[in-house]
Amino acid sequence: MLTIPPLITETERELLQNLIANAKRILICGHRGPDGDAVGSALGWADYLKRLGKETVVMMPNPFPDFLRWLPGIQDITFYMRHETEATQAIKNCDLVFCLDFNALHRLMEMGDVIAAHNAPRVIIDHHLNPDRNAAALTISHPQMCSTCEVVLRLLLQLGGYEDMGNRAAAALYTGMMTDTGGFTYNSNSPEIYQLISLLLAKGIDKDKIYRNVFNTYSESRLRLTGYILYKKLDFYQDRRASIFTLTRSEMTRFNFIRGDAEGLVNMPLQVKGMRLSISLREDTERDVVRVSLRSVDDFPCNKMAEEFFNGGGHLNASGGELPFPLSEAVKTAERAIEAYAHLL
């Protein structure tokens, strides 16, 4: 029988518990463009803090994808975008800030500047490489783990927060673990992950329904968009075992695009035998930038390519970034990146 080892040292545990004990109002924030892991870990951690009697606010820079709207408690999440005055005041009123699923304040965009100017202590709970430890009173970062939700669950086990956890929080944490591993198809070989899943199942969650809620609730328009991209927009670079596809604002309008409709599309070219790298280039609907997503298999380093060419970063097999307009220039940058990493493809 596997045992789950402590996540943090006794000194770190005492510091964390003291920070929580001395705070009355606590802010939990996730990165811009929050995904299942950012939202799930925030909701799971908020549940624990509320059970401790803490006044807790969960805030994201902008809205989450539509396929996460079913999550219990998600209606309590507030957004900085378009509510800057009220959100800024809420940040200034907090005594402690938890930064979940991101490694540096710039991932919050303008919201990060407000938090940086506030003197409340910050705690990073994350699984991305190279956390900005200077920006936090305590950094709990474990890049080898599959998701921030895994980090949070391990933390709750060590702090004694698991026993009183309900199925609402368990569903949120499972959702983050599931989405950040593509339904446990990558970055999920550790046997301990499945022991942690069993602990969440013991809380009465329905993992099959969670899968359907996330992956099988898209619109007809999303299905047609998928077919359009695969048939019209996807370019294979066969000699390099790589692919690129693009998505413009006008095409998103044509297919009634809603937030989250591009989720998972970048993984599809990797279904082709021998493919090692897939790059998605999508015009942002809020700013004049091109959003970049990279996915790979085996040992191809998406994170290094993202850092070098796309002003981003992330994990070995799943990373992202952004480039300035126009999309045509972004395609040329992606092609240069493929050529520069041809020896690894």
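The values are calculated or read from the model by the stated rules, or taken from the named source; none is laboratory data. From a predicted model like this one, the values you see are computed outputs, not experimental measurements. FYI the Cβ positions are ideal-geometry reconstructions off the backbone, even for glycines, and counts take in every protein chain you see.
Miscellaneous remarks
- Region 28-79: number of residues that are out of contact with any Ser or Thr (no Cβ under 8 Å at 6 or more places or on another chain) and farther than 20 Å from GLY264 by Cα: 22
- Within region 63-92, residues that are within 22 Å of ASP47 (Cα to Cα) reach partners that are among the aromatic types (Phe, Trp, Tyr) with beta carbons closer than 6 Å, at six or more positions or on different chains, in the pairs PRO63/PHE79; ALA87/TYR80.
- Elements of the type helices (runs of 4 or more DSSP H) sitting completely within region 243-345 and holding at least 3 residues that are among the aliphatic types (A, V, I, L, M): these cover 327-340.
- Selection of region 286-307 for residues being among the hydrophobic types (A, V, I, L, M, F, W, C), touching a residue at least 24 places away in the same chain (Cβ under 8 Å) and under 9 Å from SER319 (Cα atoms) yields VAL292, LEU294, CYS302, MET305.
- Residue in region 116-129 that is buried (at least 18 other Cβ atoms within 10 Å of the Cβ), at pLDDT 95 or above and among the acidic types (Asp, Glu) present: yes
- The lone exception for LEU323 - which of (1) of a type in the set (A, V, I, L, M); (2) over 23 Å from GLY227 (Cβ atoms); (3) surrounded by fewer than 20 Cβ atoms within 10 Å (Cβ to Cβ) it fails: (3)
- Any pair with Cβ under 8 angstrom, 6 or more apart, that starts in region 13-41 at a residue that is β-branched (Val, Ile, Thr) and ends at one that is in a loop (DSSP other than H, G, I, E, B) and buried (at least 20 other Cβ atoms within 10 Å of the Cβ): ILE26/CYS94; VAL39/GLY30; VAL39/PHE64; VAL39/LEU71; VAL39/ILE77
- Inside region 292-305, residues that are buried (at least 19 other Cβ atoms within 10 Å of the Cβ) and over 18 Å from MET275 (Cα atoms) make up a count of 1.
- Looking across region 121-131, the residues that are in a loop (DSSP other than H, G, I, E, B) and touching a helix residue (DSSP H, G or I) at 6+ places or on another chain (Cβ under 8 Å) come down to PRO121, HIS127, LEU129.
- Of the criteria (1) buried (at least 22 other Cβ atoms within 10 Å of the Cβ); (2) free of Cβ contacts under 8 Å to residues at least 24 places away in the same chain; (3) not aliphatic (A, V, I, L, M), which one SER250 fails: (1)
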